[in-house]
Amino acid sequence: MTIQLQHIIGSPGLLDDENVLEPLAKWQSEGLKVALVTLVGVEGGAPRQPGAQMAVAEDGRYAGYLSGGCLEGAVALEAQVIIKTAKPKLVRYGKGSPYFDVRLPCGSGLDLFFDPTISSLLVADMLARTAARTSFALRTHLVDGHSDIAAVSVSPQGIDASRRNGDVFARFYTPKLRTLFLGHGPALVAMASLAAALGIDVAVYASDDPTLADLDRRGLRHMLMTGDVDGAIGQLDFASAAVLVFHDHEQEPELLSGILKSDAFYIGALGNHAVHRARLKALSVRGFDDATLARIRAPVGMIGGAKSKATVAISALAELIAEAKARNLVS
């Protein structure tokens with residue numbers, strides 16, 4: 001099947017705020033000293049979970065966040081002091097902390113590990129691994145600050161959550177979320193636009209010129225090519241999703257036959273319950289069993305009866321992100 005591809009590049013989105021490795025590498029390339037700050041322990045409730053990170057430069061610039069906004073300024077100041085000492089440090093904030101002037105409204109206690117010794121070679125290695133879409137763990141010894149990279153396995157349920165085991169904290173990294181949208185119409189454009197705004201890597205296979213033109217009008221830069229959709233489906237990995245947005249559903253069995261053989265963590269399809277029953281019947285004839293067919297989310301989305309392109313897009317992306325969160329692909 002040959003149809004058109006739009007690869008949306010777009011500007012950084014909300015999910016990109018979780019990526020502190022790129023600013024860390026940028027500041028190191030500028031000759032600045034830096035610290036990587038990791039939330040390694042939580043006592044009580046807190047806005048962020050263990051593994052949340054900040055990158056801080058010696059001039060006070062920082063990226064990432066560790067709280068709901070009440071802690072970042074104090075962390076940046078502490079990091080600047082620790083950068084000067086060049087010695088890793090474990091610091092408690094909130095409950096049980098010696099810093100009485102830094103209050104956490106949630107009443108929790110947060111343990112933060114400041115590493116001012118992380119090397120540019122290690123950061124470059126981590127970036128290369130994420131670019132290659134491999135998962136890995138940064139294992140940091142909280143006593144001496146030594147860090148190393150370990151390979152991790154991915155199960156059908158996703159990847160482990162970042163966690164502390166004694167004096168070692170394992171921070172798990174996964175590839176950037178990627179979503180393949182296939183179909184046509186206003187709902188597809190809305191979904192692709194929202195996904196790009198969130199910071200998801202997006203590819204759109206559209207079967208009509210008006211859909212491609214609508215994407216262009218929204219200012220989304222793209223690379224246009226003609227090719228076999230099987231190639232894009234073949235690239236779907238454990239951090240990838242696929243969503244079908246067709247109003248005529250004849251093309252779906254062929255497309256879904258390939259998608260169901262992939263490791264995609266989420267597969268969604270537009271259409272009502274009657275459409276989905278026909279879809280399942282056609283795929284069953286192709287040899288797919290009930291357990292495999294259960295991977296398809298249809299009708300797509302979390303908002304029942306959503307009709308406008310905006311509510312359909314929000315509904316679908318909310319369901320997709322919820323599944324990614326359950327698999328620890330996002331925090």
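The values are calculated or read from the model by the stated rules, or taken from the named source; none is laboratory data. Note that the structure is predicted; figures quoted are calculated from it, not measured. Using ideal geometry, Cβ is built from the backbone for each residue, glycine included, and neighbour counts are taken over all protein chains shown.
Key figures for this structure:
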read-out: S331 within 30 Å of V20 (Cα to Cα) and among the polar types (S, T, N, Q); value: yes
read-out: Matching residues in the stretch 119-162 - criterion: being touching a residue at least 60 places away in the same chain (Cβ under 8 Å) and closer than 19 Å to G41 by Cβ; value: T140, L142, D160, A161, S162
read-out: Listing of helices (runs of 4 or more DSSP H) fully contained in the stretch 208-264 that carry 1 or more residues being closer than 21 Å to L198 by Cβ, at pLDDT below 95 and of a type outside the set (G, A, S); value: 209-217
read-out: Residue count, the stretch 37-79 (criterion: surrounded by fewer than 18 Cβ atoms within 10 Å (Cβ to Cβ), in contact (Cβ under 8 Å) with a residue 40 or more places away in the chain and over 24 Å from the mean Cα position of the chain (by Cα)); value: 2
read-out: Any hit, the stretch 271-283, residues being among the charged types (D, E, K, R) and touching a Leu at 6+ places or on another chain (Cβ under 9 Å); value: yes
read-out: Enumeration of residues in the stretch 126-154 that are more than 19 Å from the chain's Cα centre (by Cα) and not in a strand (DSSP E or B); value: L142, V143, D144, G145, H146
